[in-house]
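Notes for the one structure printed next.
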Amino acid sequence: MSGLSNKRIILGITGGIAAYKGAEIVRRLQDQGAEVRVVMTAAATEFIRPLTLQALSGYQVHTDLLDAEAEAAMGHIELARWADLLLIAPATANFISTMVHGGADSLLSAVYLATSAKIAVAPAMNQAMWSHTASQQNIQALKGRETIIIEPDTGIQACGDIGPGRLQQPEIIVDQLKAIFESGLLAGKKVVITAGPTREAIDPVRYISNHSSGKMGYALAAALTEAGAKVVLISGPVLLDSPAGCELISVVSADAMLNASVAAVKDANIFISAAAVADYRAVDVADQKIKKQADNLSLELKKNPDIVSTIATDNPQLFVVGFAAETENIETFARDKLVRKKLHAIIANDVSRQDIGFNADDNEVSWIDAQSCKHLGKKSKSQLARDIVKLIAANYDG
Ligand code: CTP
């Protein structure tokens, strides 16, 4: 699998002669497994018809900030939240200047301002315009905002000039984008992460479990792999594909998850406990299906081992991150778990909200450690996972 598989990319096309190459960029991004949506400026639609890009991307092309119908379907804020990466290609001198100054006079510039996705810009303009101090200063300003600049190609230009300023070739653009997701922040580190629910058997056909989908843990496993870590993902039963490059260990019960974790952390640097472990299991698991008899049935339960706290206590060299699923007093309860379970950091989740948390694609969490509490605003779980990985890398001291 490539570094772009399952990545959500907005291709923003602005109004230059190279706009027609947007069609090939869409194709090449899709070849790498990316999901692509196209946003065009009005000027770009003079160079290539939105219908072409709609046919290639398989989705309606977004062009208008003030189109009530389009905004109702997927408005600029949703687009901004949806994306893992915003690629502006070709980026005209004028659009680059708008980005630098924060103008929001088009859908594309509004999406740029509203997104926390990674940003890549592939400039395309006449060589004299590219070399102008104003353009170069604008490019430096964008670089200062961690924007990836895909340097233009050099050669004969549409206007007959020769020099730098041609849109970089689509295959080179795509190669540079792949590298963006492989950041190397945790290169050489081994990370063990638990994810998903556990199931505690009652009899051969019934079990106790919870609503965890595993999405947050799997997104973290993918982001950790992108960051260069060797990742062991210990997962309860979920309906997700294992992220590329992870070692997956599938388990069912809390006991099995604990045993797998104890074995996997022996030579690890970091342990992340994203699993929603069932707190209790049946004292006696029936060998045969329990038949329906009395009106009331009591089930005797006993506490499961606390996996994260066992691992943290027995492995003081590990950097340990937990999650706190709370419905009230979120920071207070999470901080209590941080201390009680001997964690270095805890990620607090409000599981009472329907739009985030269990099963949802988005989440909104707080990173809490001994010194601080950082609120990470609502975004897709994969974007959030990358933010969490950055915080882990910044706080891990090993
Ligand atoms: N956890 C664990 N083993 C358990 C229970 C929880 O490793 N048996 C971990 C979770 O993976 C998470 C953290 O502990 O990282 C907190 O889980 P949470 O469900 O929020 O808290 P609990 O300890 O279960 O406490 P409570 O149910 O009272 O909120």
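Any read-out appearing in this document is the output of simple, stated calculations on the displayed coordinates, not a laboratory observation. In this text, all values refer to a predicted model and were calculated from it rather than measured experimentally. Reconstructed Cβ throughout: ideal geometry from the backbone, glycine too, with neighbour counts over all protein chains shown.
Distance from the alpha carbon centroid of the stretch 309-326 to that of the stretch 118-157 works out to 45 angstrom.
Looking at the P(r) of the chain, how many percent of alpha-carbon pairs lie beyond 32 Å? Taking all Cα-Cα pairs of the chain, the fraction more than 32 Å apart is 43 percent.
Projecting the Cα positions of 174, 152, 373 onto the charge dipole of the chain (unit charges on Cβ atoms of Lys, Arg, Asp and Glu, taken about the Cα centre) puts 373 furthest along the positive direction.
Among 161, 355, a tally of other beta-carbon atoms within 10 Å of each Cβ gives an order, fewest to most, of 355, 161. Run down the aspartates and glutamates and flag those whose C-alpha is under 14 Å from the C-alpha of residue 266, throwing out any fewer than 8 positions away in its chain. Those aspartates and glutamates meeting the cut-off are 314. Looking at this model, which pairs from 190/337; 289/342; 341/381 are more than 31 angstrom apart at the alpha-carbon? Long pairs (Cα-Cα over 31 Å): 289/342. For the chain, a Gaussian network of Cα nodes joined below 10 Å ranks 83, 360, 385 by mean-square fluctuation, and the top entry is 360. The aspartates and glutamates whose alpha-carbon is closer than 19 Å to the alpha-carbon of residue 302, local same-chain residues fewer than 8 away aside, are 200, 203, 255, 279, 284, 287.
So what is the orientation-averaged projected area of the stretch 190-395, using the convex hull of its C-alpha atoms, in nm²? Kindly include the intermediate steps, with their values, before the conclusion.
Working: hull surface 48.6 nm².
The orientation-averaged projected area of the Cα hull of the stretch 190-395 comes to 12.2 nm².
Across the stretch 145-157, coupling constants 3J(HN,Hα) worked out from phi with the 6.51/-1.76/1.60 Karplus curve, θ = phi - 60°, read 9, 6, 7, 8, 9, 8, 4, x, 7, 10, x, 6, 9 Hz, and Gly and Pro carry x.
Computed across the stretch 8-178, the Kirkwood hydrodynamic radius from all distinct Cα-Cα pairs reaches 15.8 Å. Mean residue ellipticity, 222 nm, helices only, the chain: the sum of -39500 (n - 2.57) across DSSP H runs of n ≥ 4, divided by residue count and rounded to 500, is -9500 deg cm²/dmol.
Using C-alpha pairs under 8 Å with a sequence gap of at least 6, the mean separation divided by the residue count of the chain gives a relative contact order of 11 percent. Entry for the stretch 249-364 at q = 0.10, 0.15, 0.17, 0.21 Å⁻¹: log10 I(q)/I(0) = -0.40, -0.81, -0.96, -1.20, Debye formula applied to identical alpha-carbon scatterers, no solvent contribution. Net charge of the neighbourhood of residue 285, taken over other residues with C-beta under 12 Å away and scored Lys/Arg +1, Asp/Glu -1, is -1. Computed from backbone phi, the HN-Hα couplings of the stretch 122-128 come to 10, x, 8, 6, 4, 4, 5 Hz, rounded to whole numbers (Karplus: 6.51 cos²θ - 1.76 cosθ + 1.60, θ = phi - 60°; Gly and Pro given as x). In sequence order, the stretch 321-335 has phi-based couplings of 10, x, 10, 10, 9, 10, 10, 7, 6, 4, 5, 4, 5, 5, 5 Hz under the Karplus curve 6.51 cos²θ - 1.76 cosθ + 1.60, θ = phi - 60°, and Gly or Pro positions carry x. Trypsin sites (Lys or Arg not before Pro) within the stretch 116-215: which are DSSP loop residues with at most 15 other Cβ atoms inside 10 Å? Those that pass, being in a loop and sparsely packed, are 145. Highest GNM mean-square fluctuation among 97, 352, 109, for the chain modelled with Cα contacts below 10 Å: 352. Here's the list of lysines a cross-link from residue 21 could span, going by alpha-carbon distance under 22 Å and ignoring same-chain residues fewer than 8 apart: 7, 118, 178.
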